[in-house]
């Protein structure tokens, strides 16, 4: 990579950050106005929240007016929430605008088009040009799955074909390019090692800049009714599933929201460990609960043992040790595979059964 190319890319980063800062300032101004409007509507709602209880017509009219005021409050609050979300996203982009670039040459075109991939989409203030494409957008799948040459990607209108002529990866920290190189791989080893070297044990981070091919297949799968991901500890199962949640929330935003999902966590410490992944991708966290707490809430009067209580009981009563050793052994799992092949079958199931996609890490 020449110094001239690096300077060209840094100049673009500077221009994009300048545009982001302009939009941040504009959004802050709009947010302040929205906050004042919300307070004014709420105060007006409180001042007019009385009902005439003596005349039937007046009662109906008063209730209708109160309902209209309530809807105004809800809309004002929602507008303020949307603006706050936009501001948070822009502030995150200002530090790390994007991490990848793909140059594609569509059929009939003479010059390739450069697309930059980041954690969220960004258009210029005139809404005429995409400066950054969201990693979950259909065309961004080329960055994760495609190698140089003829490629295709899925869109709502069907499969589109194009030619990938360049794939470039970046590490941008506080607006400065610290690492940049071209690659033909899904994610270059140099980039992957650099990111893994920066990881710490305080909290899990999003992995959108280093998603591998198998992980991307899991994240973008929309055909299977049931998705089973199996892998050893540390293989990336949890990270992949959280990116999948963000992908589904992006593509089904009108039908799906975070409140409709539940994440079963082994313990509260783990819940805290993964709590920043979805917010870093511009999404709200899911409801997180341990299976123990979930059962306690759902089944009144049911005594559910905690993991600690179960462990203590097993330590006191060793009569079940032989059975426990067997059912926790590889021999037991092999027997399950042999006796229930359909449960783990990768072939398309019978029409009446839901489809299952299974991936081993």
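The values are calculated or read from the model by the stated rules, or taken from the named source; none is laboratory data. Note that this is a predicted model, so its numbers are computed, not measured. Ideal geometry is used to build each Cβ from the backbone, glycine not excepted, and the neighbour counts take in all protein chains shown.
What the table shows:
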{"item": "Among (1) in a strand (DSSP E or B); (2) surrounded by 14 or more Cβ atoms within 10 Å (Cβ to Cβ); (3) modelled with pLDDT of 90 or more - the single one residue 94 does not satisfy", "result": "(1)"}
{"item": "Leading residue by the ranking (modelled with the lowest pLDDT) among those in the stretch 169-207 that are buried (at least 19 other Cβ atoms within 10 Å of the Cβ) and within 20 Å of residue 103 (Cβ to Cβ)", "result": "191"}
{"item": "Every pair of residues 6+ apart whose Cβ atoms lie under 8 Å, when the first sits in the stretch 286-305 and is assigned by TED's automatic domain parsing to the domain that holds residue 275 and exposed (fewer than 15 other Cβ atoms within 10 Å of the Cβ) while the second is part of a loop (DSSP other than H, G, I, E, B) and modelled with pLDDT under 80", "result": "295/302; 295/304"}
{"item": "Unmet requirement for residue 143, which otherwise passes all of (1) in a strand (DSSP E or B); (2) at pLDDT 90 or above; (3) out of contact with any helix residue (DSSP H, G or I) (no Cβ under 6 Å at 6 or more places or on another chain)", "result": "(1)"}
{"item": "Only listed residue being surrounded by 12 or more Cβ atoms within 10 Å (Cβ to Cβ), more than 30 Å from the chain's Cα centre (by Cα) and modelled with pLDDT of 80 or more, chosen from 42, 19, 5", "result": "5"}
